[in-house]
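Encoded as structure tokens, the structure appears first; notes follow it.
The values are calculated or read from the model by the stated rules, or taken from the named source; none is laboratory data. Computed from a predicted model, the values in this text were never measured in an experiment. Accessible surface areas use protein heavy atoms only, side chains included; no ligands, DNA or RNA. Shrake-Rupley method; radii C 1.70, N 1.55, O 1.52, S 1.80 Å.
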Amino acid sequence: MADPADDELYRSPLPATQDVGEDDVGSLVAQVKDLADDARTAVEAEIAWQGARAGFVGKRTAVIAAWAGFALVCGFIAILALAFGAILALTPNIGAVLATLTVTGVLLLAALIAGLIVRGRVRALKAVAFAPKGQP
């Protein structure tokens, strides 16, 4: 079996002894300066890219927020219409006051259930996101 040191893949491309002259030191300094310039250019390009990205997201976020607000207003109006319709439908059977109290009670119960779900999800999120260090 051949010695791995004799193989071309394991040999260094540099000669075994190499004198470092004044020209080599100057070229090394020039290479370091070029590397620093390249790094500065890369950082400037990354900052410009992230700024453009943030501007793009910011513009789109405003439009998304406007449509989300519109959807929430429409949903709120729909719930009001449903509540009013339910009161009108129940009034002949149980009277106006009892119909109003019934619809209000059902809506408050739905709000309570939704609030409890939100509280549970917030607690679960806090347990994961703000866990003490050293705990999973």
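A 1.4 Å probe, protein heavy atoms only, puts the accessible area of Leu116 near 90 Å². Rolling a 1.4 Å probe across the protein heavy atoms gives segment 24-102 an accessible surface of 79 Å² per residue.
Of the solvent-accessible surface of segment 38-108, computed with a 1.4 Å probe and all protein chains present, 79% belongs to carbon and sulfur. With θ taken as phi - 60° and the Karplus curve 6.51 cos²θ - 1.76 cosθ + 1.60 applied, the whole-hertz 3J(HN,Hα) list for segment 50-55 is 5, x, 5, 5, 5, x Hz, x standing for glycine and proline.
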